[in-house]
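Asker: So that we are looking at the same thing, I have put the structure below in structure tokens.
The values are calculated or read from the model by the stated rules, or taken from the named source; none is laboratory data. Computed from a prediction, not measured in an experiment: that's the story for all the values here. Note that each Cβ is placed from the backbone with ideal geometry, even for glycine, and that neighbours are counted across all protein chains shown.
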Amino acid sequence: MIQITEKEFAMLTEYIHSEYGIELKKEKQLLLMGRLHKLLVELGFDSFTDYYHYLISDKTGEASSVLIDKVSTNHTFFMREPEHFDYFKNTVLPYLKKKKEAENNRDIRLWCAASSTGEEPYTLAMIMAEFFGSDGHHWDKKLLATDISNKVLDMARRGVYDKERIQVLPPNWKLRYFQNYDSSQMMVVDEIKKEVIYRRFNLMTPTFVFKKKFDVIFCRNVMIYFDQATKDRLVEKMYNYTEPGGYLFIGHAESLNLKQTNYKFIMPAVYQKPF
């Protein structure tokens, strides 16, 4: 096992924090060493110092992309924190439908800011398909799903899941929105896949450059890895790209610093931008 010194750990964690916002504390030193050891061997490096210099000198972005795939946590599942999906279906969508129709505007803009392997965006797409029904083709309801990891984005685009993972979904969803892939896996149907646009995106980008603001942003269970200053900066950027009256959903283990944002608390982990 290639050992990591305290100095090497400090160099790498500073790089990870500055590039991706993720804060790795001292107790994560062995974890980082374990996750990167095989990579160093494959690259032919004898030390984490050599790897660090390789990382910062790479201009293609590939080395950094591989690093974040190794260190980021992508634990998710269908219907995680289901209260959010209930609120989205029963409160947010009826509100947006009424608002947009009054504006003669049938464009609903959603952003899943940490889409991981696709369970969250596909769930939202299925909810919207159910809500709008046969009238759905009159609405532009494609949603943007982003993540920092190319690995999980590739998995999300495939939309293939073990049958056990979709058991929590309503029976009619499993029949309508999934098809058999093999004996143990199901695949999301094209009707739902085409509603989700996957892109690699770093939330630490200094300035967001989206063309339009979003009616709803889901950014759940991401900020638990950030320090407070990083969280505050991210929330400010998301606020600036939220439509007045739009919603922000975060994870139940997270909260906003209401002294630093104008988002208003609606219910646990749900906030709204005032008009």
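Asker: Would you call V152 modelled with pLDDT of 95 or more, closer than 13 Å to G118 by Cβ and aliphatic (A, V, I, L, M)?
Answerer: Spelling it out, it is not the case that V152 is modelled with pLDDT of 95 or more, closer than 13 Å to G118 by Cβ and aliphatic (A, V, I, L, M).
Let's see how each residue does on (1) assigned by TED's automatic domain parsing to the domain that holds M223; (2) surrounded by 14 or more Cβ atoms within 10 Å (Cβ to Cβ); (3) of a type outside the set (V, I, T); (4) under 26 Å from the mean Cα position of the chain (by Cα):
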| position | (1), (2), (3), (4) |
| --- | --- |
| F45 | no, yes, yes, no |
| F48 | no, yes, yes, no |
| L55 | no, yes, yes, yes |
| S64 | no, yes, yes, yes |
| T76 | no, yes, no, yes |
| T91 | yes, yes, no, yes |
| A102 | yes, no, yes, no |
| D107 | yes, no, yes, yes |
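Asker: Considering only the stretch 225-241, state which residues are outside any helix (DSSP H, G or I) and within 15 Å of the chain's Cα centre (by Cα).
Answerer: Listed by number, the list holds a single entry, F226.
Asker: Could you tell me whether N221 is surrounded by fewer than 17 Cβ atoms within 10 Å (Cβ to Cβ), part of a loop (DSSP other than H, G, I, E, B) and of a type in the set (S, T, N, Q)?
Answerer: no
Asker: Then there is this: Is it the case that some residue within the stretch 241-251 is surrounded by 12 or more Cβ atoms within 10 Å (Cβ to Cβ) and of a type in the set (A, V, I, L, M)?
Answerer: Within the stretch 241-251, one or more residues are surrounded by 12 or more Cβ atoms within 10 Å (Cβ to Cβ) and of a type in the set (A, V, I, L, M).
Asker: For the stretch 153-187, how many residues meet the condition of being surrounded by 11 or more Cβ atoms within 10 Å (Cβ to Cβ) and part of a helix (DSSP H, G or I)?
Answerer: Looking only at that region, the number is 13.
Asker: Of (1) without any contact (Cβ under 8 Å) to a residue 40 or more places away in the chain; (2) under 17 Å from K89 (Cα atoms), K142 satisfies all except one. Which?
Answerer: Here K142 clears every test but (1).
Asker: Ok, one more. Mind checking which helices (runs of 4 or more DSSP H) fall wholly inside the stretch 1-61 and carry at least 3 residues that are over 30 Å from D232 (Cβ atoms)?
Answerer: The helices (runs of 4 or more DSSP H) meeting that bar are 29-43, 48-57.
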